[in-house]
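These notes concern the structure reproduced below.
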Amino acid sequence: MKALVEQKTEGRSALQRADELGKRVEYLAFMLGPEAYAIAIGGIAEILKPLPITEVPRSDPKIVGVMSVRGRLVTVIDLKRRFNLASTFTMDQKSRILLVDVGGEPIGLLVDEVFQVFRLTDAEIEPPTVLGSEQPPYVVGIGRPPGGAVLMLLDLSPLLQSDLMD
């Protein structure tokens, strides 16, 4: 019985410590060129190594093409081109495709490299206005996890809805 009481006490103190640290949200960090970005992990269905991609004639330049994932066609968007970081399509050994769902449609986001999941508290997230100018609606904040990394936190809904509506 004494051990049970001690476990309950330890459990409460662990919960109290978690409350003191604040709520944490997990973000998947990835690279686009020299810059680090992150998306809330709940919005990502899968991380894929690049599969064969079929180009679509006369499509928007930011759309790389389509690929088949377990029998479903997935549109692949090059995020570097979407953010005007590159004018040409590049893919190498470290490239990955983040499979996300937008309005019931699977979309693949081509990124240069996926490198880590960060668990950020509210104190580690700053508003996008700290960058000095007005940011697009898909930039929801700046993450500053311990260790010196700076992450641009993205919201996929406004980012991809504008792509699909163009």
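The values are calculated or read from the model by the stated rules, or taken from the named source; none is laboratory data. For clarity, every value in this text was computed on a predicted model and none was experimentally measured. Note: ideal-geometry Cβ built from the backbone for every residue, glycine included; neighbour counts use all protein chains shown. All accessible areas refer to the heavy atoms of the entire protein, side chains included, with ligands and DNA or RNA removed. Shrake-Rupley method; radii C 1.70, N 1.55, O 1.52, S 1.80 Å.
Restricting region 70-85 to residues that are assigned to a loop (DSSP other than H, G, I, E, B) and not aliphatic (A, V, I, L, M), the residue that is surrounded by the most Cβ atoms within 10 Å (Cβ to Cβ) is 83. Residues in region 32-46 that are surrounded by fewer than 16 Cβ atoms within 10 Å (Cβ to Cβ) and outside any loop (DSSP other than H, G, I, E, B): 35, 41, 42, 45, 46. Across region 143-162, the number of residues qualifying as open to solvent by 30 Å² or more (accessible area, probe 1.4 Å) and assigned to a loop (DSSP other than H, G, I, E, B) comes to 7. With the structure loaded, tell me whether residue 117 is touching a helix residue (DSSP H, G or I) at 6+ places or on another chain (Cβ under 9 Å), of a type outside the set (Ser, Thr, Tyr), at pLDDT 90 or above and open to solvent by 50 Å² or more (accessible area, probe 1.4 Å) or whether it fails that test. Spelling it out, residue 117 is indeed touching a helix residue (DSSP H, G or I) at 6+ places or on another chain (Cβ under 9 Å), of a type outside the set (Ser, Thr, Tyr), at pLDDT 90 or above and open to solvent by 50 Å² or more (accessible area, probe 1.4 Å). So which residues in region 60-69 are part of a loop (DSSP other than H, G, I, E, B) and open to solvent by less than 40 Å² (accessible area, probe 1.4 Å)? Within region 60-69, just 62 meets the criteria. Checking the stated criteria, residue 5 turns out not to satisfy the condition of being over 23 Å from residue 95 (Cβ atoms), open to solvent by 30 Å² or more (accessible area, probe 1.4 Å) and modelled with pLDDT of 65 or more. In the condition set (1) open to solvent by less than 80 Å² (accessible area, probe 1.4 Å); (2) modelled with pLDDT of 90 or more, residue 49 is compliant with all but (1).
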